[in-house]
Each structure stands twice: as C-alpha cells, then as structure tokens.
Amino acid sequence: QVQLVESGGGLVQAGGSLRLSCAASGRTFSRYAMGWFRQAPGKEREFVAVIDWSGKITYSTDSVKGRFTISRDNAKNTVYLQMNRLKPEDTAVYYCATGGAAYTMLGVRSQGYDYWGQGTQVTVSS
C-alpha cells in the first residue's frame, strides 16, 4: 500500500515558523493530489490545504490562508507545508493524505482521501 511519513513537527513560539514534510512511497506520487489535515486535542480532524498533481492548483482553509503554503517536489516524492506566523490554535497533530484518481484534484472532505500518514505533532506556545 501507499505509505506516507510526516516529519518536521515540533515546539515553536507563537509567531514562529515550521516546515512539515511528507514523504510518499508505494504509488506514482506525481499523478495524485496531496492534502494536509490536522487534529487538535478534543476536536475533529480538520482540512488544512491541498495541492493538485502538478503543483499548479492549491487551496487552503480560511484559518491558515496567508500563513501556510503547501507545495510539492515530485522528484523527491515529497509534499511540504510551510507554516508561518504560527498561533497557539495551530497546535495539533498534522496528517498528510492522498487518494482519489490520478490527475484528479482532491477536496476538503476527509472521505475523499484513502491513505494517511501517522501524523507529526506541532505545538505552538504563547
């Protein structure tokens, strides 16, 4: 099966930055859209951002728009989430995910994603 491994999480002060990485294996990475979700303590899993197969089309949720940037490097089978101006409410476990059909964009619903990483913890202190 597809394997997704997140990395780059950690503890950061409010206003700081982190870059998350998600390394993929087990499928032709460049053919599929990739997304980031997060889950804070006591809350449901939340969509963060998605990027299409080519890297030309992206979408992010309003709460992170202008602060987070999703990108991908297909040569490295890796998708990134650059997180700037972090806030305490960004504290969560961040998950990388993929699925759907090749060359097809994914949306905001977690049901559209078939494969998930195990997550990386991001903690933003105030």
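Structure data summary
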{"quantity": "Residue within the range 102-123 that is touching a helix residue (DSSP H, G or I) at 6+ places or on another chain (Cβ under 7 Å) and farther than 24 Å from Gln1 by Cβ present", "calculated": "yes"}
{"quantity": "Tabulated pairs, the range 98-113, first more than 16 Å from Ser60 (Cβ to Cβ), second at pLDDT below 95 and of a type in the set (Val, Ile, Thr), C-beta under 8 angstrom, 6+ apart or interchain", "calculated": "Thr98/Val2; Ala102/Thr28"}
{"quantity": "Test: residue in the range 79-91 that is in contact with a Phe, Trp or Tyr (Cβ under 9 Å, 6 or more places away or on another chain), closer than 12 Å to Tyr32 by Cβ and either at pLDDT 95 or above or not hydroxyl-bearing (Ser, Thr, Tyr) (or both)", "calculated": "yes"}
{"quantity": "Residues that are open to solvent by less than 30 Å² (accessible area, probe 1.4 Å) and not in a loop (DSSP other than H, G, I, E, B), drawn from the range 1-17", "calculated": "Leu4, Glu6, Gly10, Val12"}
{"quantity": "Residue pairs meeting the criteria (Cβ under 8 Å; at least 6 apart or on separate chains; first in contact (Cβ under 8 Å) with a residue 24 or more places away in the chain, in the range 50-63; second in a strand (DSSP E or B) and among the polar types (S, T, N, Q))", "calculated": "Val50/Thr58; Val50/Ser60; Ile51/Thr58; Ile51/Ser71; Asp52/Thr58"}
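The values are calculated or read from the model by the stated rules, or taken from the named source; none is laboratory data. It should be emphasised that the depicted structure is a prediction, and the values quoted were computed from it without experimental measurement. Here Cβ is always computed from backbone atoms with ideal geometry, including for glycine, and neighbour counts include all displayed protein chains. Side chains are part of the model used for accessible areas, which takes the heavy atoms of the whole protein and leaves out ligands, DNA and RNA. Shrake-Rupley method; radii C 1.70, N 1.55, O 1.52, S 1.80 Å.
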